[in-house]
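> The structure is given below, and queries will be raised subsequently.
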Amino acid sequence: MPDNEKRIPTHAAIIVDGNRRWARQRLMPASVGHKAGFDRLKEITRYAVGDCGVKVLSLYVFSTENFARDAKEVGYLMDLFANNFRTIADEMNERGCQVLFSGRQEGLQPRVLDAMDYMMDLTKDNKKGIVNFCLNYGSHAEITDAVRAIAGEVKEGKLDPASIDEHTIESHLYRDLPPVDLMIRTSGEERLSNFLLWQCAYAEFYFTPTLFPDFDKACFDEALAEYAAGIAVWAATPKSKTNEQNRLRILRRRFLFGGNSAGLGGYGRSGVPRSGDRSGGR
């Protein structure tokens, strides 16, 4: 863990990506990769919130687009969630951490919803940290749901349209959590794939080619160290010469591939968006 705990992000988020590719490299079915990824997820969750001092950890484990995958694979993932969430809840409860879920409940199996309810109810009074599982989540859906709720309040006369501001929208998102400080994506993909778009407005991004089942504690430490280095650059810059927009240029958007910096995530050096599926490769 980095020595300077003052530079630990308050809110870290991880796009869990690369489970299927990890399995394909080993000539194994996708289910084996998902199981390995879930085992790693439990380890990183314990480490980030329990040992490193991250206050909020958001995990992109299943997107709204993932329902378009093979029904057998989706069914296996639902089994994985239903059978393992309770274990995670017990561990997080012992550590004094709260478990939350972000996403739409429509389409999720009843036993998955039951496990989610168990986790949230068991840990609802815990204050030492928050683990936010983003399940059946999409940022477009989240913002759409927020706008729909706001429109309903306006229609009912409960909200004056003139009073709507950023805080109004934030208060209608799935969870009232601090903005993301550090966004991590494994597997080498360089895009957000519809994850926490509102919350990542000023986040630092860290992209690594490591597939998530191989993303261990040392890999997480590297991401934290890179984040701390970027914050140090900002802290050492004379404030009279910068503003918030300049800060985005000064803080290093390092997307590490074997330790070498690359360009802005999702774009090649020419500024042309990289190709690839829009739903991510989890």
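> If I filter the stretch 133-156 for residues that are in a loop (DSSP other than H, G, I, E, B) and under 29 Å from R46 (Cα atoms), do I get at least one hit?
Just the residues of the stretch 133-156 that are in a loop (DSSP other than H, G, I, E, B), to begin with: 138, 156.
With under 29 Å from R46 (Cα atoms) added as a condition, the list becomes 138.
Yes, the stretch 133-156 has at least one match.
> Among the numbered criteria (1) in contact (Cβ under 8 Å) with a residue 60 or more places away in the chain; (2) touching a strand residue (DSSP E or B) at 6+ places or on another chain (Cβ under 6 Å), which single criterion is violated by A141?
Only one criterion in (1) in contact (Cβ under 8 Å) with a residue 60 or more places away in the chain; (2) touching a strand residue (DSSP E or B) at 6+ places or on another chain (Cβ under 6 Å) is unmet by A141, namely (2).
This table checks each residue for (1) among the charged types (D, E, K, R); (2) surrounded by fewer than 20 Cβ atoms within 10 Å (Cβ to Cβ); (3) within 27 Å of A146 (Cα to Cα).
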position	(1), (2), (3)
D70	yes, yes, no
I88	no, no, no
C97	no, no, yes
R104	yes, yes, yes
G107	no, yes, yes
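> Checking D125 against (1) more than 30 Å from L224 (Cβ to Cβ); (2) at pLDDT 95 or above; (3) acidic (D, E), only one condition comes out false. Which one?
The single condition D125 does not satisfy is (1).
Residue-by-condition table, conditions (1) of a type outside the set (S, T, Y); (2) closer than 30 Å to D51 by Cβ; (3) in contact with a Gly (Cβ under 9 Å, 6 or more places away or on another chain):
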site	(1), (2), (3)
P110	yes, no, no
K124	yes, yes, no
C134	yes, yes, yes
V147	yes, no, no
I169	yes, no, no
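> If you check I143, I169, I184, which single one turns out to be in contact with a Phe, Trp or Tyr (Cβ under 8 Å, 6 or more places away or on another chain) and within 23 Å of L224 (Cβ to Cβ)? Steps first, answer last, please.
Working: I143 fails: within 23 Å of L224 (Cβ to Cβ); I169 fails: within 23 Å of L224 (Cβ to Cβ).
The conditions single out I184.
> On the basis of being within 23 Å of A12 (Cα to Cα) and within 21 Å of the chain's Cα centre (by Cα), does L113 make the cut? Walk me through how you get there before you give the answer.
Values: within 23 Å of A12 (Cα to Cα): no; within 21 Å of the chain's Cα centre (by Cα): yes.
Judged against the criteria, L113 is not a match.
> Considering only residues that are closer than 23 Å to N84 by Cβ and charged (D, E, K, R), look in the stretch 114-151 and name the one that is surrounded by the fewest Cβ atoms within 10 Å (Cβ to Cβ). Show your work before the answer.
We begin by selecting, within the stretch 114-151, every residue closer than 23 Å to N84 by Cβ; these are 114-126, 128-138.
Cutting the leftovers down to charged (D, E, K, R) gives us 114, 117, 121, 124-125, 128.
Values: D114: 13, D117: 12, D121: 11, K124: 11, D125: 9, K128: 12.
Top of the filtered list is D125.
> State all residues of the stretch 66-98 that are hydrophobic (A, V, I, L, M, F, W, C) and farther than 20 Å from H34 by Cβ; if no residue qualifies, say none. Lay out the reasoning, then the answer.
Of the residues in the stretch 66-98, the ones hydrophobic (A, V, I, L, M, F, W, C) are 67-68, 71, 74, 77-78, 80-82, 85, 88-89, 92, 97.
Result: M92, C97.
> Take T186 and tell me if it is over 12 Å from the mean Cα position of the chain (by Cα) and either surrounded by 15 or more Cβ atoms within 10 Å (Cβ to Cβ) or of a type in the set (A, V, I, L, M, F, W, C) (or both). So that I can check it myself, show each step before the final result.
Working: over 12 Å from the mean Cα position of the chain (by Cα): no; either surrounded by 15 or more Cβ atoms within 10 Å (Cβ to Cβ) or of a type in the set (A, V, I, L, M, F, W, C) (or both): yes.
The answer is no for T186.
Table: residues versus (1) surrounded by 12 or more Cβ atoms within 10 Å (Cβ to Cβ); (2) over 30 Å from D17 (Cα atoms); (3) without any contact (Cβ under 8 Å) to a residue 12 or more places away in the chain; (4) not hydroxyl-bearing (S, T, Y).
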{"site": "E153", "(1), (2), (3), (4)": "yes, yes, yes, yes"}
{"site": "G157", "(1), (2), (3), (4)": "no, yes, yes, yes"}
{"site": "D160", "(1), (2), (3), (4)": "no, yes, yes, yes"}
{"site": "E190", "(1), (2), (3), (4)": "yes, no, no, yes"}
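> Please find, within the stretch 201-214, the residue that is farthest from H11 (Cα to Cα) out of those that are hydrophobic (A, V, I, L, M, F, W, C) and in contact with a helix residue (DSSP H, G or I) (Cβ under 9 Å, 6 or more places away or on another chain). Give the steps one after another, and end with the answer.
Residues of the stretch 201-214 that are hydrophobic (A, V, I, L, M, F, W, C), as a first pass: 201, 203, 205, 207, 211-212.
Imposing the further condition that a residue be in contact with a helix residue (DSSP H, G or I) (Cβ under 9 Å, 6 or more places away or on another chain) reduces the set to 211-212.
Numbers: L211: 22, F212: 19 Å.
Ranking the candidates gives L211 first.
> Working only within the stretch 11-58, note down all residues that are among the β-branched types (V, I, T) and surrounded by fewer than 21 Cβ atoms within 10 Å (Cβ to Cβ). Give the derivation first.
First, the residues of the stretch 11-58 that are among the β-branched types (V, I, T): 14-16, 32, 44-45, 49, 54, 56.
Result: V32, single match.
> Does the stretch 245-268 contain at least one residue that is in a helix (DSSP H, G or I), more than 17 Å from the chain's Cα centre (by Cα) and modelled with pLDDT of 60 or more? Full working, then the answer.
As a first pass, look at the stretch 245-268 and keep what is in a helix (DSSP H, G or I): 245-250.
Cutting the leftovers down to more than 17 Å from the chain's Cα centre (by Cα) gives us 245-250.
Restricting the remaining residues to those that are modelled with pLDDT of 60 or more gives none.
Among the residues of the stretch 245-268, not one is in a helix (DSSP H, G or I), more than 17 Å from the chain's Cα centre (by Cα) and modelled with pLDDT of 60 or more, which makes the answer no.
The values are calculated or read from the model by the stated rules, or taken from the named source; none is laboratory data. Keep in mind it's a predicted model, so treat the numbers as computed, not measured. A quick note on method: Cβ atoms are made from the backbone with ideal geometry, for glycine too, and the neighbour counts reach across all protein chains shown.
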